[in-house]
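To keep things clear, I will list the structure first and then write my remarks on it.
The values are calculated or read from the model by the stated rules, or taken from the named source; none is laboratory data. Note that the structure is predicted; figures quoted are calculated from it, not measured. Counting neighbours? That spans all protein chains shown, and the Cβs are built from the backbone with ideal geometry, glycine included.
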């Protein structure tokens, strides 16, 4: 895990499948929704369905997890879409949803390791970073995970 870097993101549209949850639920294996959401994403071939509609090549659409509709802060409910980056005009397949990732500056945390553990470890680094108020504040607008290559996650956090 390297330190976080501020980066500009041009904005994007993601299409995938979604769930509503909260961090407290994700700590309880019986209540957790995120593992099942990603399980469905892979089992149902969501990435392939969206990239086919977008007319992109088989590996042209990056996989993302988009967090939005925050109720409050890290303790409140939020929505998560497990999906892929798609073109603005890509049709949303039945049973899927679309979310906008706004253009802007994001604090990016990069992790490398075994999935899904590296994702949890990277989010822990995000929480530790923002536990020190002198490092800035999260906006709780739209955050996202980008999976640029196997075993790598980049967590983009919206900041104030």
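Just a few scattered comments:
- Filter pass, residue 90 being assigned to a helix (DSSP H, G or I), touching a residue at least 12 places away in the same chain (Cβ under 8 Å) and surrounded by 13 or more Cβ atoms within 10 Å (Cβ to Cβ): no
- Within the range 119-138, being touching a strand residue (DSSP E or B) at 6+ places or on another chain (Cβ under 6 Å) and over 21 Å from residue 26 (Cα atoms) holds for one residue alone: 136.
- Restricting the range 12-37 to residues that are assigned to a loop (DSSP other than H, G, I, E, B) and in contact with a strand residue (DSSP E or B) (Cβ under 9 Å, 6 or more places away or on another chain), the residue that is surrounded by the fewest Cβ atoms within 10 Å (Cβ to Cβ): 31
- Any hit, the range 145-152, residues being on the phi > 0 side of the Ramachandran plot, surrounded by 13 or more Cβ atoms within 10 Å (Cβ to Cβ) and in a loop (DSSP other than H, G, I, E, B): no
- Selected residue (criterion: farthest from residue 157 (Cα to Cα)) from residues of the range 109-118 that are in contact (Cβ under 8 Å) with a residue 40 or more places away in the chain and in contact with a strand residue (DSSP E or B) (Cβ under 7 Å, 6 or more places away or on another chain): 112
- Every pair of residues 6+ apart whose Cβ atoms lie under 7 Å, when the first sits in the range 49-78 and is on the phi > 0 side of the Ramachandran plot while the second is at pLDDT 95 or above: 69/78; 69/79
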